[in-house]
Amino acid sequence: MIEVNQLSFSYGNHAVLKNLSFSVEAGKLISVLGPNGVGKSTLFRCLLGLNKTYKGTIQINGADIKTLTTRKMAETMAYIPQSHVSTFNYSVVEMVVMGTAHRVSKFSTPSVQDYEKAYDALEQMSMRDYAQRYFNMLSGGEQQMVLIARALAQQAKILLMDEPTSNLDFGNQLRVMEKIKMLAERGYTVIQSSHNPQQAMMFSDEVMAMYAGEITAKGAPNEVVTKRLLETLYQTHVEILEVKGEQLILPLWGRRRV
Amino acid sequence: MLSYEFVENMKQKKSMKMNRPLIKLFVLTIILSIVLTCSFCFGRYHIGVLDLFKILFSRVIHMDKTWTDQMEAVVFNIRLPRIILSCMVGSCLAVAGVSYQGVFQNPMASPDFLGATSGAAFGAALAILLGLSSAMISAYAFLFSIITVGLVYLIGRYSPGNPVINLILAGIMVSSLFTAGTSFIKLVADPMNELPSITYWLMGSFSGAKRHEITFVAIPMLLGMIPLMGVRWRLNLLAMGDEACESMGVNANQMRLVVILASTIITAASVSVSGMIGWVGLVIPHLCRKVIGNDYKYLMPTCMVTGAIFMLGVDNISRNLLETEIPIGILTAFIGAPFFIYLIFRKESRLS
């Protein structure tokens, strides 16, 4: 359970987040929609406790995150970045076992049990066979799966994902989203920022739309994602059609600006 | 069928996880002991292997004396300090290099990345100019090395923007400032006595290794090496980027500070007794990455052992190749640079 109250954040004079208040229930998959630069990443940094100079309060399971240590935060919340290519190439299992860092004492290395956790996490993402492959050599979709496995090895119940499907091809986008949906069904709370309203609509339990630093709408996807909302958020004409019981967003070309 | 698969699975899991790196480390340790033995035996005064072991063990258990006093003196007073010192310096430079590479996520990082060596050079040159004793030259080198990196760290930490890039830029600037200072000292130094000894110091050597030098550097080396070995696995997390690192429960800035501090102390201690020895801190980490992978859990101990092997080997060449001793800094460059080019051409999956 996450509760955000009157959250504001600014870089110098530039206010990025203005008085956000919302709550996220446990076990839900929430997609945050909004145009580029609207402050999704800033919001995530605040939730992760990386931006500490925000105004307002963020509570996780009743505890203010400002009172939690970095280690305690890692126990409750895991972050899945957009695919990250590191300078030094690690094997998949070396990468995933890093998720256990908060349980490994400061002057120690991961135990056999921690490696078991890493293998279990890979198993959950159907990536067990990739354990000895090298991360930088994997495709974007596989890398994303490994990063999610790393978050699972962390054994935190809340997963924060920064546009998990942004660099993936069509098939991989769907496969990764299916895995994320599965995790939510297994009881994880997933908050993902999404660049793709269609996906947000199809997979999430709730959609939260951000515009100009504020929350403009939040609720069930079918109610929130409307023609008007999309036209405001993305400054482009769309039509929403119903095909085989699914809502389909159709961008209209020709007249781009509203 | 299922149980067979399970067993195979477990085997694979185990061998991948534990055994292979440990076996490699074990082999490296054996190589180190062979090189150690050779270092005791070779030299202007040859000592047989059997005599060597007798001399060494005679200090612990009683033995019939079959060797001369001169041999014993060579082993204990000349070769032993020199061997211990070059092992320590080799290990420290390699470990410092690999740590800096992790902190800056930069494969080009080496112990002189933040100006530790140029600061030491300036300190040593200054001490020679002032006509101080050799112990004071080491002390000055150590002190100025720490001061230089401290300066770089303060500039990097408190300037706006990306802390890693600021540190690198500050390192380049402050280094060149101290290098200019060293050049100025060379200019004003007495060309008959001081200038040659400054130049010689800058080329690096273990030829004057004394026992008191070992005790002088052992303390800072241990002080730096122990925390580095302790936090070594966590260095991996820094390579994942600061955000990911913190979200996994490790404070990135704190890690960086600890690792930079510890690496700087061991680098400063090394150069203060050996002079400028380049390339070890760059080539050895890359060689080890090729051999054992990038996981610092194994990479760090591997660097420690391999650094010692390399330094001992090069020091043997420096002592034995020509009639006069070749300064070791020249040799490490002659061996290190071509070897590094070879490593680049043999590019495998592990580097970059």
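Among beta bridges identified by DSSP and lying wholly in region A:2-225, the antiparallel ones come to about 55 percent. The modelled label-to-label distance between A:Glu178 and B:Tyr45, using points 7 Å beyond Cα along the C-beta direction, is 7.7 nm. Report the far tail of the P(r) of chain A, meaning the percent of Cα-Cα pairs longer than 22 Å. Pairs farther apart than 22 Å: 57 percent.
When the trypsin sites (Lys or Arg not before Pro) in region A:56-135 are filtered for DSSP coil states and for at most 16 other beta-carbon atoms within 10 Å of their beta-carbon, the remaining sites are A:Lys106, A:Arg133. Here A:Asn61 and A:Ser10 are evaluated by their C-beta separation; at R0 = 41 Å the FRET efficiency comes out at 0.90. A cut-off of 5 Å between modelled amide H atoms, ignoring neighbours fewer than 5 places along the same chain, links A:Val32 with A:Gln192, A:Ser193, A:Ser194, A:Met208. Database remark: amide H of A:Tyr90 closer than 5 angstrom to the amide H of A:Phe135, A:Asn136 (H placed geometrically; neighbours at sequence offset of 5 or more, or on other chains; Pro and chain starts carry no H). Sorting B:106-112, A:227-233 by average packing, meaning the other beta carbons within 10 Å per residue, from highest down gives B:106-112, A:227-233. With the helix formula -39500 (n - 2.57) applied to DSSP H stretches of n ≥ 4, chain B reaches a computed 222 nm mean residue ellipticity of -24500 deg cm²/dmol. Highest GNM mean-square fluctuation among A:Val93, A:Val16, A:Val112, for chain A modelled with Cα contacts below 10 Å: A:Val112. Here B:Leu132 and B:Glu325 are evaluated by their C-beta separation; at R0 = 25 Å the FRET efficiency comes out at 0.60.
Using the rule -39500 (n - 2.57) for each DSSP H run of four or more residues, divided by the residues of chain A, the 222 nm mean residue ellipticity is -9500 deg cm²/dmol. Across the protein assembly as shown, the fraction of Cα-Cα pairs farther apart than 36 Å, rounded to a whole number, is 48%.
Taking each of A:Lys18/A:Lys218; A:Lys28/A:Lys179; A:Lys18/A:Lys72; A:Lys28/A:Lys157; A:Lys157/A:Lys181 in turn, the alpha-carbon distance tops 19 angstrom for A:Lys18/A:Lys72. Approximating the spin labels as points 7 Å out from Cα along Cα→Cβ, the A:Lys227-to-B:Leu169 distance works out to 5.1 nm.
One decimal place: the segment A:Thr87-A:Ala26 gains 18.4 nm when fully extended, by the rule 0.36 nm per residue minus the C-alpha distance.
Here region A:109-162 has an Rg and Dmax of 11.1, 30 Å, counting Cα atoms alone.
DSSP beta bridges fully contained in the protein assembly as shown are about 60 percent antiparallel. Spin-label pair A:Arg128-B:Met229: with each label point 7 Å from Cα along the Cα-Cβ axis, the two points sit 3.7 nm from one another. Measuring spread by the Cα atoms of region B:275-352 yields a radius of gyration and Dmax of 13.5, 43 Å. Here the Karplus curve 6.51 cos²θ - 1.76 cosθ + 1.60, taken at θ = phi - 60°, turns the phi angles of region B:70-76 into couplings of 4, 4, 4, 4, 4, 5, 7 Hz, with x standing for Gly and Pro. For a straight C-alpha distance cut-off of 17 angstrom, the lysines reachable from B:Lys65 (same-chain residues fewer than eight places away being disregarded) are B:Lys54. Shown is the FRET efficiency for A:Glu185 and B:Lys210, computed with R0 = 60 Å from the Cβ-Cβ distance and rounded to the nearest 0.05: 0.30. Residues considered: B:Phe339, B:Phe122, B:Phe57. Largest GNM mean-square fluctuation over chain B, using C-alpha springs under 10 Å, is found at B:Phe57. As a proxy for reagent exposure, B:Phe113, B:Phe42 were ordered by neighbouring Cβ count within 10 angstrom, fewest first; the result is B:Phe42, B:Phe113.
Hydrophobic long helices, here whole DSSP H runs in chain B with Kyte-Doolittle means of at least -1.0 and Cα atoms spread over 15 Å or more along the helix axis, are found at B:20-41, B:80-104, B:116-129, B:134-158, B:163-188, B:211-231, B:252-274, B:280-292, B:296-320, B:328-345.
A dipole drawn for the protein assembly as shown from +1 and -1 charges on Cβ atoms has a positive end, and of A:Thr100, A:Leu168, A:Leu20 the residue lying farthest that way is A:Thr100. The lysines whose alpha-carbon is closer than 25 Å to the alpha-carbon of B:Lys24, local same-chain residues fewer than 8 away aside, are B:Lys11, B:Lys13, B:Lys14, B:Lys290, B:Lys297, B:Lys347. Among the residues of B:231-243, the average count of other protein chain beta-carbon atoms within 10 Å of the residue beta-carbon is 5. Distance from the C-alpha centroid of region A:144-163 to that of region B:53-113: 45 Å, rounded to the whole angstrom. Put simply, the C-alpha atoms of region B:169-282 give a gyration tensor, and the ellipsoid matching it has half-axes of 35, 19, 10 Å, longest first. In plain terms, the residue of B:His212, A:His195 with the fewest other Cβ atoms within 10 Å comes first and the most crowded comes last, giving B:His212, A:His195. When the inverse distances between all different Cα atoms of chain B are averaged and flipped, the Kirkwood radius reads 21.6 angstrom.
Basic side chains Lys and Arg get +1 at the Cβ, acidic Asp and Glu get -1 at the Cβ, and with that the dipole of region A:2-225 about its Cα centre reaches some 620 debye.
Coordinate-derived values only; no laboratory data. Please read all numbers here as calculations on a predicted model, not as lab measurements. Cβ: placed from backbone, ideal geometry, glycine included. Neighbour counts: every protein chain shown.
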